[in-house]
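Below is one structure, written out as structure tokens; comments come after it.
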Amino acid sequence: MAVARAAILHVEDDPSLQRLVRAALEQLGGHIVRSAGSGAEALALAAQFAPQILLLDLDLPDMSGLALLKGLRGVAGYAALPAVLLTAVREPGARAQLDALGVREVLQKPFRPRLLVEAIDRVVAKGGT
């Protein structure tokens, strides 16, 4: 069964990881990806792009990924937007807190591109878009 394409906002400050994630999700998964290098850039891009899934790093230059996610929760249309964390942080937070923020998957860096695509596809399949 084919998984629907999703519009994904990827927030990562490392340009090489932005390119790797975009290539994996677009080429292997058929998804549409837009990247932002900071929380402020992500907030501006979210308004233009209307993502269906957020893919966030926790360690951003201007705010944490969780602070960004909390901020987006207050914006109309983003209250229930599913999120996936892709982070080097080994313990990103209490699972209950992550669940309450709509985090559906947590992936550790370094990561395998195929596993990232599979995680996004699981979110899409569960009605994440």
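The residue list Leu116, Leu43 contains one member that is closer than 23 Å to Ala4 by Cβ and outside any loop (DSSP other than H, G, I, E, B), which is Leu116.
Would you confirm, using the coordinates I've provided, whether Leu58 is open to solvent by 10 Å² or more (accessible area, probe 1.4 Å), among the aliphatic types (A, V, I, L, M) and in contact with a strand residue (DSSP E or B) (Cβ under 6 Å, 6 or more places away or on another chain)? Write out each step before concluding.
Numbers: open to solvent by 10 Å² or more (accessible area, probe 1.4 Å): yes; among the aliphatic types (A, V, I, L, M): yes; in contact with a strand residue (DSSP E or B) (Cβ under 6 Å, 6 or more places away or on another chain): yes.
Here the answer is yes, as Leu58 does meet what is asked.
Can you name the residue in the stretch 54-83 that is in contact with a helix residue (DSSP H, G or I) (Cβ under 6 Å, 6 or more places away or on another chain) and aliphatic (A, V, I, L, M) and is also farthest from Leu20 (Cα to Cα) among such residues? Of everything passing the filter in the stretch 54-83, Ala79 is farthest from Leu20 (Cα to Cα).
So, in the stretch 18-40, how many residues would count as being within 17 Å of Glu105 (Cβ to Cβ) and in a helix (DSSP H, G or I)?
To start, the set of residues in the stretch 18-40 that are within 17 Å of Glu105 (Cβ to Cβ) comprises 21, 24-25, 28-29, 31, 33.
Filter once more, so that each one left must be in a helix (DSSP H, G or I): 21, 24-25, 28.
Count: 4.
Scanning the stretch 28-46 for residues that are small (Gly, Ala, Ser) and touching a residue at least 24 places away in the same chain (Cβ under 8 Å) gives Gly29, Gly30, Ser35, Ala36, Gly37, Ser38, Gly39, Ala42, Ala46.
With respect to the numbered conditions (1) touching a helix residue (DSSP H, G or I) at 6+ places or on another chain (Cβ under 8 Å); (2) among the hydrophobic types (A, V, I, L, M, F, W, C); (3) surrounded by fewer than 16 Cβ atoms within 10 Å (Cβ to Cβ), which one is the sole condition not fulfilled by Ala40? Checking Ala40 against (1) touching a helix residue (DSSP H, G or I) at 6+ places or on another chain (Cβ under 8 Å); (2) among the hydrophobic types (A, V, I, L, M, F, W, C); (3) surrounded by fewer than 16 Cβ atoms within 10 Å (Cβ to Cβ), the one that fails is (1).
Free of Cβ contacts under 8 Å to residues at least 40 places away in the same chain and either closer than 20 Å to Leu25 by Cβ or of a type in the set (Phe, Trp, Tyr) (or both), is that true of Leu86? No; evaluated as a whole, the condition is false for this residue.
The values are calculated or read from the model by the stated rules, or taken from the named source; none is laboratory data. All of these numbers come straight from a predicted model, not from anything done at the bench. With ideal geometry, Cβ positions are generated from the backbone for all residues, glycine too; neighbour counts draw on all protein chains shown. These accessible areas exclude ligands, DNA and RNA; they are computed on the full protein's heavy atoms, side chains included. Shrake-Rupley method; radii C 1.70, N 1.55, O 1.52, S 1.80 Å.
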